[in-house]
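The values are calculated or read from the model by the stated rules, or taken from the named source; none is laboratory data. Since the model is a prediction, treat every value here as computed from it, not as a measurement. Don't worry about glycine lacking a Cβ; one is built from the backbone with ideal geometry, like all the others, and counts go over all protein chains shown.
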Amino acid sequence: MASFDCDTWDDIATARARIREHGHVLDEWISAVKDELGIDLDVDTGVLLDLARDAAHGVARPAAPLTTFLVGYAAARAGGDRDAVAEAARRAAALAARWADEATPDKAASDASSAATADTRAEAE
């Protein structure tokens, strides 16, 4: 994620222009790839970018491009429309979240310890 030092209104305007340019480049790139591959599909880039983020942070960075590829493949097998992409992305994001939760055993132990402490306090009162 990019960050910009914004101390003045001019700095804010420059940062906003960079952000808009980044979005414009993505739109142009997606259009070019769709043309190159002969794909006629309205792509929800936000859903796919969110999925890539979830896979990268919840599993491992290399999982991001591989997961989005697999979601595209699954969506194509399920009819290939926008709804198929959204459903495959939803399922993969949920899996990434489960993996992230399972990868932090301290969280589960902490949750169990907190529940036990609360039970002990209730009995003491």
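So that you can scan it fast, the table gives a plain yes or no per residue for (1) under 20 Å from Ile30 (Cα atoms); (2) among the small types (Gly, Ala, Ser); (3) modelled with pLDDT under 95:
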| position | (1), (2), (3) |
| --- | --- |
| Asp83 | yes, no, yes |
| Ala89 | yes, yes, no |
| Ala100 | no, yes, yes |
| Ala103 | no, yes, yes |
| Ser113 | no, yes, yes |
| Glu123 | no, no, yes |
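To keep it simple, each residue is scored yes or no on (1) within 18 Å of Trp99 (Cα to Cα); (2) of a type outside the set (A, V, I, L, M, F, W, C).
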position: Ala13; (1), (2): no, no
position: Ser31; (1), (2): no, yes
position: Val43; (1), (2): no, no
position: Ala52; (1), (2): yes, no
position: Ala55; (1), (2): yes, no
position: Val59; (1), (2): yes, no
position: Leu70; (1), (2): yes, no
position: Arg77; (1), (2): no, yes
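Of Asp54, Asp40, all but one fail to be under 21 Å from Leu26 (Cβ atoms), at pLDDT 85 or above and surrounded by 15 or more Cβ atoms within 10 Å (Cβ to Cβ); the exception is Asp54. In this entry, Val47 is excluded by the filter for residues that are β-branched (Val, Ile, Thr), touching an Asp or Glu at 6+ places or on another chain (Cβ under 9 Å) and modelled with pLDDT of 90 or more.
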